[in-house]
């Protein structure tokens, strides 16, 4: 009798194991087919990405009035001590001229978020602001860097301020990306941001190490403020790469840093393209998802990788908002040259 019970228990156990294995095998096959279908459909990046630009769902406008009514926050009172009469500004018109229906505008933000800031300040700024305009048909790319200290109208504050403060004030209520997008939309005015990708700067060294580093010719010694980078051509590991793109203590400060960031991006992109590892960006997103905010779904990110792989060499042009540094209200600002900026934006979105 006992042997019969043991045999029954053994058969049930084998049956359960068989069922579990079968489920795992079926799940793996289905997942594989789904991923294959995803990759296959994502390769048609025009159909995958064009709806993003058409719907323009990335940027729910977070106006000061909406924040006040929805969250019962009195922004004027909360930040009145930071406002000065010389910094008041009338909100610019929010009319946009959509120049190219076949293009998509992707905003890349580098956030100065760290674990230390999480424990203390709880607010973060955009150290890096870059807007990529990608023509889905011609595969031409334009990248516009906006200096973080750019003097511009910031809707979440309802005044002129450094454009990177938009994310800081927005992050207080969990609307960092939306507030940054709204400020940048006001600034560029000829078109709108379609989607965004925000990355905390803290994991950058690990990400670069995961990608195998990048070879660059470093222009000057960078040996202050925690950096230890020597001049000359070399393979930059994660720490050195972070020092290269983060250090801003040369004569031109943030402007030179932007130029280095553009140079770094060119080198890293070319390396990944040559090594056929652009899709590795997907695994990075999965590995560091807690440090990334984006409104792109997996299919759209795969489509971007496929598109990036098809972009011909020499088809990417880099621009930067020109201006001059000015000291106002006890702070340094980058004040854009209005005439040159107007011409630049028309050219950028042409």
Simple label model, 7 Å out from Cα along Cβ direction - residue 251 to residue 350, nm: 3.2 nm
Ordering of 102-111, 221-230 by burial proxy (mean other Cβ atoms within 10 Å per residue, highest first): 102-111, 221-230
Projected label distance in nm at residue 215 and residue 190, using a 7 Å step from Cα toward the beta-carbon: 3.7 nm
The range 204-287, relative contact order in percent, only Cα pairs under 8 angstrom and at least six apart counted: 25 percent
Segment residue 338-residue 276, length gained on full extension (0.36 nm per residue, minus Cα span): 18.2 nm
Tensor-based shape of the range 112-216 (alpha-carbon gyration tensor, a/c under 1.5 rounded, otherwise prolate or oblate): oblate
Label-reachable residues, the range 309-350, where backbone N falls under 19 Å from a point 7 Å from residue 102's Cα toward its Cβ: 309-317, 347-350
Listed peptides 272-278, 44-50 by packing density, highest first (mean Cβ within 10 Å): 44-50, 272-278
Cα-based equivalent ellipsoid of the range 281-350: semi-axis lengths in Å, sorted from largest, via gyration tensor: 34, 21, 10
Cα gyration tensor, the range 204-287 - rounded (a/c under 1.5), prolate or oblate: prolate
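Taken together, the values in this text are just the output of simple stated rules run on the coordinates, not laboratory data. Just so you know, these numbers come straight off a predicted model, no measurement behind them. No Cβ is skipped: glycine too gets one built from the backbone with ideal geometry, and neighbour counts run over all protein chains shown.
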